[in-house]
Ligand SMILES: Nc1ncnc2c1ncn2[C@@H]1O[C@H](COP(=O)(O)OP(=O)(O)OP(=O)(O)O)[C@@H](O)[C@H]1O
Ligand SMILES: [Mg+2]
């Protein structure tokens, strides 16, 4: 039987690091936290001397401010372009602060209050009436009662009235279960409870959130990686890890990763590295997309032919990525390859032009 879990939560993936950090962690810590704020920052940003891997690549002060917010009574709202590691950051921070990143609400048009607060096991409810046994806690009830971080992904995709369920929970710090009586009817938030919400700037806007709810959060913007070499390194390490997990045992050509990142950055920012203007794509050309494209390229090469993927494989997958928002993007990508690819030297770029001008794909 196949038992391998595709993506265990951060507290499982990095259990060794969390144990190491907690073991040497003696300073003062915010009430209810599983480790100090400093250790949590190290867990996310990494520390070569202690063999802690850097997991989020970006501004350490963003991580510090985020942790500080979580130690206050305001929630943390991570906003930014798609694929900039908002969800990853929220997962890593929850794993560090609470030892658990799984109290997660996935926001969407169909999210209901039940998925945020609690619902009932109807068989038990009918048989016994309302009781603690019949109560099915949702992440907010658990996070408040257990003193842990609750993650609310893509909060702005929820209907506004559902978002506003959070208002009283965040200010009163108590969740009422009116069907129960006595002590069970009130779940008071314990130390360590707070919320990390994420919102994507391409989705329905954060500005539609009610002013009352916005006031209960500190907003932090997560930006795409600004430095070229850093982004190349990240795409290389992340895609190598994904390829290993997919059973691909040889390394990808570094020139291919460089080409991919260059192309993504040019089309994301609307300018080549020598400053020539190019047409931006309306599709998101994020680092996360670059990682999955490098992964797909490796899979094509390995499972179709036994190599780690060529520029032609990359070109095959690229068309799909670049045209998911509008058909016009595919044409823009074509024009970029025809008119700009010659600016870059190296055989990988030559192959890209060849792949583009080659026989039409079936
Ligand atoms: N700055 C970064 N640090 C580390 N990984 C990054 C970074 N930027 C992108 N990534 C890559 O992107 C993946 C994370 O994407 P994630 O899903 O967290 O983004 P997101 O901002 O939540 O996107 P979305 O808005 O689409 O939900 C990581 O697993 C990693 O491969
Ligand atoms: Mg996300």
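Does residue 330 fit the bill of being modelled with pLDDT under 90, farther than 30 Å from residue 56 by Cα and touching a helix residue (DSSP H, G or I) at 6+ places or on another chain (Cβ under 7 Å)? First the steps, then the outcome.
Working: modelled with pLDDT under 90: yes; farther than 30 Å from residue 56 by Cα: yes; touching a helix residue (DSSP H, G or I) at 6+ places or on another chain (Cβ under 7 Å): yes.
Considered against the rule, which asks whether it is modelled with pLDDT under 90, farther than 30 Å from residue 56 by Cα and touching a helix residue (DSSP H, G or I) at 6+ places or on another chain (Cβ under 7 Å), residue 330 comes out as yes.
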- [ ] With the checklist (1) in a helix (DSSP H, G or I); (2) surrounded by fewer than 18 Cβ atoms within 10 Å (Cβ to Cβ); (3) touching a helix residue (DSSP H, G or I) at 6+ places or on another chain (Cβ under 8 Å) in hand, flag the one item residue 350 doesn't pass.
- [x] (3)
Open item on the list: Looking at (1) under 18 Å from residue 193 (Cβ atoms); (2) surrounded by fewer than 18 Cβ atoms within 10 Å (Cβ to Cβ); (3) within 16 Å of ligand 1 (Cβ to nearest atom), which one does residue 74 not meet, given that it meets all the others?
Closed with: (3)
Open item on the list: Tally up the residues in the stretch 267-293 that are touching a residue at least 60 places away in the same chain (Cβ under 8 Å) and closer than 24 Å to residue 200 by Cα, please.
Closed with: 6
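From 175, 166, grab the single residue that is more than 16 Å from ligand 2 (Cβ to nearest atom), crowded, with 21+ Cβ neighbours inside 10 Å and part of a helix (DSSP H, G or I). Walk me through it before giving the result.
Working: 175 fails: part of a helix (DSSP H, G or I).
The match here is 166.
Yes/no per residue for (1) touching a residue at least 60 places away in the same chain (Cβ under 8 Å); (2) buried (at least 20 other Cβ atoms within 10 Å of the Cβ):
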| position | (1), (2) |
| --- | --- |
| 171 | no, no |
| 183 | no, no |
| 187 | no, yes |
| 194 | yes, yes |
| 207 | no, no |
| 216 | yes, no |
- [ ] All but one of (1) more than 14 Å from ligand 2 (Cβ to nearest atom); (2) outside any helix (DSSP H, G or I) hold for residue 64, so report the exception by its number.
- [x] (2)
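Regarding residue 61, is this residue surrounded by fewer than 17 Cβ atoms within 10 Å (Cβ to Cβ) and at negative phi? Step through it out loud before you land on a result.
On the way: surrounded by fewer than 17 Cβ atoms within 10 Å (Cβ to Cβ): yes; at negative phi: yes.
Considered against the rule, which asks whether it is surrounded by fewer than 17 Cβ atoms within 10 Å (Cβ to Cβ) and at negative phi, residue 61 comes out as yes.
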Open item on the list: If the requirement is being surrounded by fewer than 19 Cβ atoms within 10 Å (Cβ to Cβ) and either within 19 Å of residue 231 (Cα to Cα) or assigned by TED's automatic domain parsing to the domain that holds residue 232 (or both), which of these qualifies: 304, 267, 281, 263?
Closed with: 304
Task: Filtered residues of the stretch 218-235 (kept if in contact (Cβ under 8 Å) with a residue 60 or more places away in the chain and assigned to a loop (DSSP other than H, G, I, E, B)) - done: 222, 223, 224, 225
Open item on the list: Just the residues that are surrounded by fewer than 22 Cβ atoms within 10 Å (Cβ to Cβ), within 16 Å of ligand 1 (Cβ to nearest atom) and assigned to a loop (DSSP other than H, G, I, E, B), please, taken from the stretch 84-121.
Closed with: 102, 108, 109, 111
- [ ] Could you tell me which residue of the stretch 306-325 is farthest from residue 257 (Cα to Cα), considering only residues that are outside any helix (DSSP H, G or I) and in contact with a helix residue (DSSP H, G or I) (Cβ under 9 Å, 6 or more places away or on another chain)?
- [x] 323
- [ ] Kindly indicate whether any position in the stretch 239-254 is free of Cβ contacts under 8 Å to residues at least 60 places away in the same chain, within 25 Å of residue 93 (Cβ to Cβ) and not in a helix (DSSP H, G or I).
- [x] no
TODO: Would you check which residues across the stretch 140-160 are in a helix (DSSP H, G or I), away from ligand 2 (no atom under 16 Å from the Cβ) and closer than 27 Å to residue 192 by Cβ and list them?
DONE: 140, 141, 142, 143, 144, 145, 146
TODO: Would you check which residues across the stretch 7-46 are in contact with a helix residue (DSSP H, G or I) (Cβ under 6 Å, 6 or more places away or on another chain), modelled with pLDDT of 95 or more and in a helix (DSSP H, G or I) and list them?
DONE: 10, 11, 37, 39, 40, 41, 43, 44, 45
Task: Options 212, 199, 296: the member that is without any contact (Cβ under 8 Å) to a residue 40 or more places away in the chain and touching a helix residue (DSSP H, G or I) at 6+ places or on another chain (Cβ under 7 Å) - done: 296
TODO: Identify the single condition in (1) within 16 Å of ligand 2 (Cβ to nearest atom); (2) touching a helix residue (DSSP H, G or I) at 6+ places or on another chain (Cβ under 8 Å) that residue 113 does not satisfy, given that it satisfies every other one.
DONE: (1)
- [ ] Just give me the residues in the stretch 48-71 being in contact with a helix residue (DSSP H, G or I) (Cβ under 9 Å, 6 or more places away or on another chain) and away from ligand 1 (no atom under 16 Å from the Cβ), in sequence order.
- [x] 50, 51, 67, 68, 70, 71
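The values are calculated or read from the model by the stated rules, or taken from the named source; none is laboratory data. Because the structure is a prediction, the values reported are computed rather than measured. Don't worry about glycine lacking a Cβ; one is built from the backbone with ideal geometry, like all the others, and counts go over all protein chains shown.
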